[in-house]
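Asker: Could you have a look at this structure, given as structure tokens, before my questions?
Bear in mind these aren't lab numbers, they're just calculated from the coordinates by the rules spelled out. Quick caveat: nothing in here was measured; it's all calculated off a predicted structure. Every residue, glycine as well, gets a Cβ built from its backbone with ideal geometry; the counts of neighbours run over all protein chains shown.
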Amino acid sequence: MSKSVNIDTSNPDPCYRYKMPLLVTKFEGKGNGARTAILNIREVAKALHCDLVYLIKFFGMELGAQAKMDKIKNKTVINGFHDAKQLALLLDKFITLFILCPRCKLPETALSVHKKAVVTTCAACGYNGPSANQHKFAMFIAKNPPKPAKNIAARVTFQVVPTALAAETKEEAAAPEPDLDWATDTSAEAVAARKAEAMGIVPTALEMATIMYADDPRRFVERIKQDPTNLPPQADILVFLASAFATHDELGSRALFILNSLYEADILEEEQILEWWEASSTADLQVEGIRKFVEWLKEADEDDSDA
Ligand SMILES: [Zn+2]
């Protein structure tokens, strides 16, 4: 059993709750047969809740060396000698790019592929948006998508139940088992509550709505309207919505309805929407509902000036 270290190892917090085994490596062979074995890659992948293949391919790509799994001996073998420190740094790089949430930096994430882009979904803070698509490894993930997690929150599990709210929601999770690495609490409220505890902030109404009602656009809107004081500035709402529409099919298909409802409720205003639209990237413009809504706004404007 190897020593356990933080996910990632640059994190100095001795009490950090997310741990993985330290990579155990070994030089083998010599000359042309020189290679480096990673003896515990399976355990590391498991701790990261990550597909084993991704780790192996990432090492290979970064080192420009052949890397493969020796299934019989249950170890990864990389051509050439690579010292343990270098491999540990590469693992941290992978973690920073594809395991830690881009927003809250916690590893409670799952990857998926949407329209050839890698998407990170975070059970801790509700982030659902682009992963490190600027890195060339994203292409490998896009071509070899992870198996779809049936339920992100259920797949990613946690060590302790952090809040009274969470404990109330799911009582059996309140009794921690010594061997259970990450215990489970899957309710949307508990997931959102974890963000508050982990980051010392309260999730916005928008984030709560997305966590709870991504598959129910009507209730999504109701949840936002219920709590208009706990919303970011309009420009941020629009950016958030565009990303939510792109990654949650149910919301995306009802973008027109959602934008219109928020506009009617004075949560979004015409000027802000048009300003955001002019500055938007082409990716946002692909959501048909957004385009239709903006067109409608512009037409309404023209009708007004005709009158
Ligand atoms: Zn997050």
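Asker: Ranked highest first by average number of other Cβ atoms within 10 Å, how do 227-240, 247-260, 129-142 line up?
Answerer: 247-260, 129-142, 227-240
Asker: Return the long-range amide H neighbours of VAL118 (sequence gap of 5 or more, or a different chain), with a cut-off of under 5 Å between placed amide H atoms.
Answerer: Here the answer is SER131, since their amide H atoms fall under 5 Å of that of VAL118.
Asker: ³J(HN,Hα) across the stretch 137-144 via Karplus (A = 6.51, B = -1.76, C = 1.60, θ = phi - 60°), whole Hz, x for Gly/Pro?
Answerer: The phi angles translate into 5, 4, 5, 5, 5, 4, 7, 10 Hz.
Asker: Mind sorting TRP296, TRP276 by how few other Cβ atoms lie within 10 Å of their own Cβ, fewest first?
Answerer: TRP296, TRP276
Asker: While we're looking at this one, here's another question. Explain nothing, just the number: relative contact order of the stretch 1-140, from Cα pairs under 8 Å at least 6 residues apart, as a whole percent.
Answerer: 17
Asker: Right, next: Output ³J(HN,Hα) for the stretch 111-121: one whole-Hz value per residue in order, computed from phi by the Karplus curve 6.51 cos²θ - 1.76 cosθ + 1.60 with θ = phi - 60°, and x for Gly and Pro.
Answerer: With the stated coefficients, the stretch 111-121 comes to 9, 8, 10, 10, 6, 6, 10, 7, 10, 9, 10 Hz.
Asker: Enumerate the calculated ³J(HN,Hα) couplings along the stretch 57-69 in order (Karplus 6.51 cos²θ - 1.76 cosθ + 1.60, θ = phi - 60°), each rounded to whole Hz, writing x wherever the residue is Gly or Pro.
Answerer: Rounded to whole hertz, the list is 5, 5, 4, x, 5, 5, 8, x, 10, 5, 10, 8, 8.
Asker: Also: Would you kindly state how much longer the chain becomes between GLU288 and GLN66 on full extension, computed as 0.36 nm times their sequence separation minus their alpha carbon distance, in nm to one decimal? List each step's numbers first, then the result.
Answerer: Details: separation 222, 0.36 × 222 = 79.92 nm, distance 4.35 nm.
Going from the current span to full extension adds 75.6 nm.
Asker: Give the span of the stretch 4-143's Cα atoms along each principal axis, as three whole-Å numbers ordered largest to smallest.
Answerer: 49, 38, 24
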